[in-house]
Amino acid sequence: LDIKGAFPNVVPECLLHDLQMAGIPNQYIKFMDRMLTDRQMKLKFDNYESPWIPIISSLGQGDPISLISFLFYNPGLLRIPQDDREDAVAFVDDTAFLA
């Protein structure tokens, strides 16, 4: 299972909740909150430059913290297997179900 658009579709509030549920220390959750709040971007190409555009959701592509954070974002996928003959393994936006 490959989650398409995984990083751009992360909802910051859900990620912060998942980090809290995983027992991550509050200082790290506050750090992530600051990283994901009040972000904006501009598009620049050729002779065009857009006005500032708010970034409402998303984790930064290529940011090492994004890779680690995403592991906490979708923990429910790893709980799908129902018995000892089933398992799930995941790395970032790729998940495999084994039976």
Problem set entry | Label-point separation in nm, Q61 to V11, each point 7 Å along Cα→Cβ | 2.3
For this session: Determine the gain in length on full extension of the stretch T37-Q20; use 0.36 nm per residue of separation and subtract their C-alpha separation, reporting nm with one decimal.
Result: 4.4 nm
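If you take the square roots of the eigenvalues of the alpha-carbon gyration tensor of the chain and sort them as a ≥ b ≥ c, do you get rounded (a/c under 1.5), prolate (a/b over b/c) or oblate?
oblate
Under the rule a/c < 1.5 gives rounded, and otherwise a/b versus b/c splits prolate from oblate, where does segment 1-50 land using the Cα gyration tensor?
Working: a/c = 4.35, a/b = 1.75, b/c = 2.48.
In terms of gyration-tensor shape, oblate.
Rounding to the nearest 20 debye, state how big the charge dipole of the chain is about its Cα centre with +1 on each Lys and Arg Cβ and -1 on each Asp and Glu Cβ. Intermediate values should be presented prior to the final figure.
Numbers: 8 positive and 14 negative charges, 80 e Å.
Rounded to the nearest 20 debye, it is 380 debye.
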Seminar exercise, completed: Comparing I68, I53, I24 in a Gaussian network model of the chain (Cα, 10 Å), the one with the largest mean-square fluctuation is I53
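Where a number appears in this text, it was derived from the coordinates with a stated rule and is not lab data. No experiment lies behind these values; they were computed from the predicted model shown. Using ideal geometry, Cβ is built from the backbone for each residue, glycine included, and neighbour counts are taken over all protein chains shown.
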